[in-house]
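Visitor: Below you'll find the structure I mean.
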Amino acid sequence: MLEPYRGRTYDPACGSGGMFVQSEKFVEEHQGKVENLSIYGQEINSTTWKLCKMNLAIRGLDANLGDHHADTFHNDMHKTLKADYIIANPPFNISDWGGNHLTDDVRWRYGTPPAGNANYAWLQHMVYHLGPNGSAGIVLANGSLSSNTSNEGEIRKNLLEVDLIDAIVALPDKLFYSTGIPVSLWILNRNKENNPSYRSRKHEVLFIDARNLDLNYQPCYNVNMEATAKNCI
């Protein structure tokens, strides 16, 4: 959906590098040049960080994964990065991410995320790292669409009001080996009005209900932010 042909691609929870490999495959399948992509990532687990480096190396992909494994929230290895694309599947509903030590963090521009759930910390971290025309595709638990716990609803409202949310796709459950819960795909865009790559979508949000894609697919296009989205998701 993001079509990352060129520029800086970032994953702040990169695991073993699967998102980067998929980006490479997309470029190659569309006759692009992989060398036009600059890859940045971060991973907290030391073993997984090493696997990511190996995974990219055997495919000839050069990447900046930081000097070592590190916690993205507490030791951001790419503090000055402004990415053209962010593609991430961060861990869902983390309750022990240490948010109580980051209450005044510069990344929380749209509200302080709750210490008991990192979903909106991930969202705001990625917004912080988006370049002027940057876009992001983020997989989150479905609860992130409706939760009002400890300021989450206020953060969601603020993201909508500044027109950062481009699309929401509700996906089926059982998509992942590690959890059976349904998830949603958030598409964020820093510049929806004057982006050279797209038509103006100012104050529009695309909602797609793909929970039963093979049975009853009814996309809801160009929903104005002032209108209700009850029939879409």
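The values are calculated or read from the model by the stated rules, or taken from the named source; none is laboratory data. None of the values given here were measured: they were computed from a predicted structure. Glycine gets a Cβ as well: all are built from the backbone with ideal geometry, and neighbour counts include every protein chain shown. We work out accessible area using only protein heavy atoms, side chains counted, and drop any ligands, DNA or RNA first. Shrake-Rupley method; radii C 1.70, N 1.55, O 1.52, S 1.80 Å.
Visitor: Can you give the net charge of the other residues whose Cβ lies under 11 Å from the Cβ of LEU37, counting K and R as +1 and D and E as -1?
Guide: -2
Visitor: For segment 19-90, give the magnitude of the charge dipole about the Cα centre (Cβ charges: +1 Lys/Arg, -1 Asp/Glu; no others), in debye to the nearest 20.
Guide: Numbers: 7 positive and 10 negative charges, 13 e Å.
For segment 19-90, the charge dipole is close to 60 debye.
Visitor: Turning to a different aspect of this structure: Enumerate the calculated ³J(HN,Hα) couplings along segment 131-138 in order (Karplus 6.51 cos²θ - 1.76 cosθ + 1.60, θ = phi - 60°), each rounded to whole Hz, writing x wherever the residue is Gly or Pro.
Guide: Residue by residue, segment 131-138 yields x, x, 10, x, 9, 9, x, 10 Hz.
Visitor: For the chain, what are Rg and Dmax over the alpha carbons, in angstrom?
Guide: For the chain, the Cα radius of gyration and maximum Cα-Cα distance read 17.3, 49 Å.
Visitor: Could I ask something else about it? Each label point is 7 Å from the Cα along the Cα-to-Cβ direction; what then is the distance between the points at GLU154 and ASP173, in nm?
Guide: Simple spin-label model gives 3.2 nm for this pair.
Visitor: Lysines near LYS82 by alpha-carbon distance under 19 Å, same-chain residues fewer than 8 away left out - which ones?
Guide: By straight Cα distance, LYS82 reaches LYS192.
Visitor: Return the FRET efficiency for the residue pair ILE58, ARG109: r is the Cβ-Cβ distance, R0 is 41 Å, and the value is rounded to the nearest 0.05.
Guide: Calculated value: 0.60.
Visitor: Still on this structure, please answer the following. Along the charge dipole of segment 145-189, which of GLY180, GLY153, ALA170 sits closest to the positive end, that is, farthest toward it, with unit charges on the beta carbon of Lys, Arg, Asp and Glu (+1, +1, -1, -1)?
Guide: Toward the positive end, the furthest listed residue is GLY180.
Visitor: Shape call for segment 89-128 from the C-alpha gyration tensor, a ≥ b ≥ c root eigenvalues: rounded (a/c under 1.5), prolate (a/b greater than b/c) or oblate?
Guide: oblate
Visitor: Among ALA121, ASN45, THR80, whose Cα sits farthest toward the positive end of the charge dipole of the chain (+1 at Cβ of Lys/Arg, -1 at Cβ of Asp/Glu, about the Cα centre)?
Guide: Farthest along the dipole direction, towards plus: THR80.
Visitor: Please state the charge dipole magnitude for segment 131-220, taken about the Cα centre, from unit charges on C-beta atoms (+1 on K and R, -1 on D and E), reported in debye and rounded to the nearest 20.
Guide: 160
Visitor: What is the Cα centroid distance between segment 1-24 and segment 97-124, reported in whole angstrom?
Guide: Between the Cα centres of segment 1-24 and segment 97-124 lies a distance of 24 Å.
Visitor: Just to confirm, what accessible area per residue do you get for segment 1-129 at 1.4 Å probe, in whole Å²?
Guide: Spelled out: the 1.4 Å probe surface of segment 1-129, per residue, equals 49 Å².
Visitor: Another question, if that's okay. Across segment 2-12, in residue order, what do the Karplus-derived ³J(HN,Hα) couplings come to in whole Hz, using 6.51 cos²θ - 1.76 cosθ + 1.60 with θ = phi - 60° and x for Gly and Pro?
Guide: 7, 6, x, 6, 7, x, 8, 10, 9, 9, x
Visitor: Starting from the Cα of LYS79, draw a straight line to each of the lysines and keep only those under 22 Å, dropping any in the same chain fewer than 8 residues away.
Guide: Within the straight-line limit of under 22 Å, LYS79 reaches these lysines: LYS50, LYS53.
Visitor: About its Cα centre, how strong a charge dipole does segment 71-163 have in debye, to the nearest 20, once Lys and Arg get +1 and Asp and Glu get -1 at the Cβ?
Guide: It comes to approximately 120 debye.
Visitor: Where the centroid of each part is defined by its Cα atoms, how far is segment 39-74 from segment 130-180 in Å?
Guide: That distance is 24 Å.
Visitor: Once amide H atoms are placed 1.01 Å from N in the peptide plane, what residues at a sequence separation of 5 or more from ILE86, or on another chain, have their amide H within under 5 Å of its amide H?
Guide: Excluding prolines and chain starts, which carry no amide H, the hits are TYR10, SER135, ALA136, GLY137.
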